[in-house]
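Asker: Take a look at the following structure, please.
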Amino acid sequence: MILVLLGPPGAGKGTQANLLAKKRSLVQLSTGDMLRAAVAAGTPLGRKAGAIMERGELVPDDVVIGLIAERLDQKDSGGGYILDGFPRTIAQAEALDHLLAERGTTLDKVIEMKVDDDALVERITGRFACAKCGEGYHDLYKLPKRAGVCDRCGSTEFVRRKDDNEEVVRARLKAYYAQTEPLIGHYRKQGKLRAVDGMADINLVQKAINQALDTP
Ligand code: AP5
């Protein structure tokens, strides 16, 4: 199965992709995570992408298409992929169709996560993670059980994404509405779009996605 999770920053794409990957033995492919890994490694691509990401703009299509093409060639697909944060432009969507056709496969479904902008800003600006194991936390909704100590690995170091401040979140939302939202019509025309309420509780969103995937 090959899926795309589509939605604005903070819609819960990463959260839901992670749960789905475990439940359905799928591989989660997040272009955001790939780009952040390149930034952390200080590669030439990472240096170029890092500045763009800090402004909340989209990295050029050829860069992310190249990352995905390379990743699709690795032999760990299991039961398939969940694309989290890709495609984000019509050019990326067309490139994805082409890449999948070259590999003798096709996109099955696109899940649109519908959310409310103000809630997104609150969700994103409160988000932080354990620096060692990556466990996610939130200032309002999910604090570590023991203050300052990761529930999962016991580390006392936490990190926040550089692009998770209100000003950059607003720029990311602007980029979403200008460049990514048109994909909703694109996939609706292809008959692949299914919408879920991303404002519900995390487990209910997961249930709705699974129902959408299991219904023809
Ligand atoms: P990326 O890393 O993809 O970020 P994003 O799309 O802005 O999405 P986020 O990761 O912030 O949010 P999410 O929807 O995954 O939500 P999450 O599950 O974390 O991209 C970053 C940057 O990289 C882009 O700005 C761009 O520059 C570049 N980039 C990446 N891909 C690109 C591409 N294809 N083309 C060009 N440039 C690209 O949840 C957020 C928070 O909400 C968490 O704290 C979570 O616990 C909480 N939460 C989740 N669900 C719920 C719920 N149902 N109820 C309450 N809280 C919830």
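Asker: With Gly46, Gly14 as the choices, which residue is open to solvent by 20 Å² or more (accessible area, probe 1.4 Å) and within 27 Å of Lys174 (Cβ to Cβ)?
Answerer: Answer to the check: Gly14.
Asker: Shifting gears a bit: With the checklist (1) surrounded by 15 or more Cβ atoms within 10 Å (Cβ to Cβ); (2) out of contact with any helix residue (DSSP H, G or I) (no Cβ under 7 Å at 6 or more places or on another chain); (3) at pLDDT 95 or above; (4) not acidic (Asp, Glu) in hand, flag the one item Val64 doesn't pass.
Answerer: Here Val64 clears every test but (2).
Asker: Ok, one more. Of all the residues that make up the range 182-208, how many are in contact with a helix residue (DSSP H, G or I) (Cβ under 9 Å, 6 or more places away or on another chain) and within 11 Å of the ligand (Cβ to nearest atom)?
Answerer: 10
Asker: Could you look through the range 24-38, keep only residues that are among the hydroxyl-bearing types (Ser, Thr, Tyr) and touching a Leu at 6+ places or on another chain (Cβ under 9 Å), and pick out the one that is farthest from the ligand (Cβ to nearest atom)?
Answerer: Across the range 24-38, the extreme among qualifying residues is Ser30.
Asker: Could you check the range 6-22 and list, in sequence order, the residues that are without any contact (Cβ under 8 Å) to a residue 60 or more places away in the chain and either polar (S, T, N, Q) or near the ligand (Cβ under 7 Å from one of its atoms) (or both)?
Answerer: Asn18
Asker: Sticking with this structure for a sec: Within the range 71-102, can you find the residues that are assigned to a loop (DSSP other than H, G, I, E, B) and at pLDDT 90 or above?
Answerer: Residues satisfying the conditions are Gly80, Gly85, Phe86, Pro87, Arg88, Thr89.
Asker: Of the numbered conditions (1) closer than 22 Å to Asp197 by Cα; (2) out of contact with any helix residue (DSSP H, G or I) (no Cβ under 7 Å at 6 or more places or on another chain), Asp73 fails exactly one; give the number of that condition.
Answerer: Among (1) closer than 22 Å to Asp197 by Cα; (2) out of contact with any helix residue (DSSP H, G or I) (no Cβ under 7 Å at 6 or more places or on another chain), Asp73 violates only (1).
Asker: From the residues in the range 199-216 that are of a type in the set (D, E, K, R) and assigned to a helix (DSSP H, G or I), which one is surrounded by the most Cβ atoms within 10 Å (Cβ to Cβ)?
Answerer: Lys207
Asker: Within the range 147-159, is there a residue that is at pLDDT below 95, of a type in the set (D, E, K, R) and not in a helix (DSSP H, G or I)?
Answerer: No, every residue in the range 147-159 fails to be at pLDDT below 95, of a type in the set (D, E, K, R) and not in a helix (DSSP H, G or I).
The values are calculated or read from the model by the stated rules, or taken from the named source; none is laboratory data. Just so we're clear, the structure is a prediction, and the values are computed from it rather than from any experiment. FYI the Cβ positions are ideal-geometry reconstructions off the backbone, even for glycines, and counts take in every protein chain you see. Side chains included, ligands, DNA and RNA excluded: accessible areas come from the protein's heavy atoms. Shrake-Rupley method; radii C 1.70, N 1.55, O 1.52, S 1.80 Å.
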